[in-house]
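See below for the structure under consideration.
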Amino acid sequence: MKIKVHENYEQIDRKNIDTFQKYEMSHPEENLYRCVICGEQACIGNSISCQGHRLIHNWCANRVFGYGNILEAFKWLEDQSSDEIIK
């Protein structure tokens, strides 16, 4: 499934991964991250990601993948191919 992401996707994604490696699951409600779809600040507690990679707000996950299709969002998180994103 091709997903439109923020124009600075690579930069945001790299910073999110680095932040996760530094803090892991501590500070779950602090906006230490950014959503790779909308670019807005995000906390690890109100988002989904693969250890910071492809972090998306729960709201963006529902908006993009559809309510009730959260499994599709998790499949997208696991897919590492760059052809699954649209900038």
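The values are calculated or read from the model by the stated rules, or taken from the named source; none is laboratory data. Computed from a predicted model, the values in this text were never measured in an experiment. Backbone-built Cβ (ideal geometry, glycine too); neighbour counts: all protein chains shown. Keep in mind that these areas ignore ligands, DNA and RNA; they rest on the heavy atoms of the full protein, side chains included. Shrake-Rupley method; radii C 1.70, N 1.55, O 1.52, S 1.80 Å.
Model label sites at Lys75 and Asn58, defined 7 Å from Cα along the beta-carbon direction, differ in position by 2.3 nm.
Pop out the carbon and sulfur fraction of the accessible area of the chain as a percent, whole number, probe 1.4 Å. Each step should come with its number before you reach the end.
Numbers: 2650 of 5310 Å².
The computed percentage sits at 50.
Remark: the range 8-78 carries 58 Å² of accessible area per residue (probe radius 1.4 Å; ligands, DNA and RNA excluded).
At 222 nm, what helix-only mean residue ellipticity would the chain give, in deg cm²/dmol to the nearest 500, using -39500 (n - 2.57) for each DSSP H run of four or more? The partial results should precede the final answer.
Values: 3 runs with 32 residues, N = 87.
About -11000 deg cm²/dmol.
Net length available on complete extension from Tyr67 to Lys22 is 13.0 nm, with 0.36 nm assigned per residue and the Cα-Cα distance removed.
Quick one: net charge of Phe65's neighbours, Cβ under 10 Å, K/R +1, D/E -1? Neighbourhood net charge equals +1. Straight-line cross-link partners of Lys2 among the aspartates and glutamates, defined as a Cα under 12 Å from its Cα and at least 8 positions apart when in the same chain: Glu72, Asp79, Asp83, Glu84. Tell me the label-point distance for the pair Glu7, Cys50, using the 7 Å Cα-to-Cβ offset, in nm and rounded to one decimal. Here the answer is 2.7 nm between the modelled labels.
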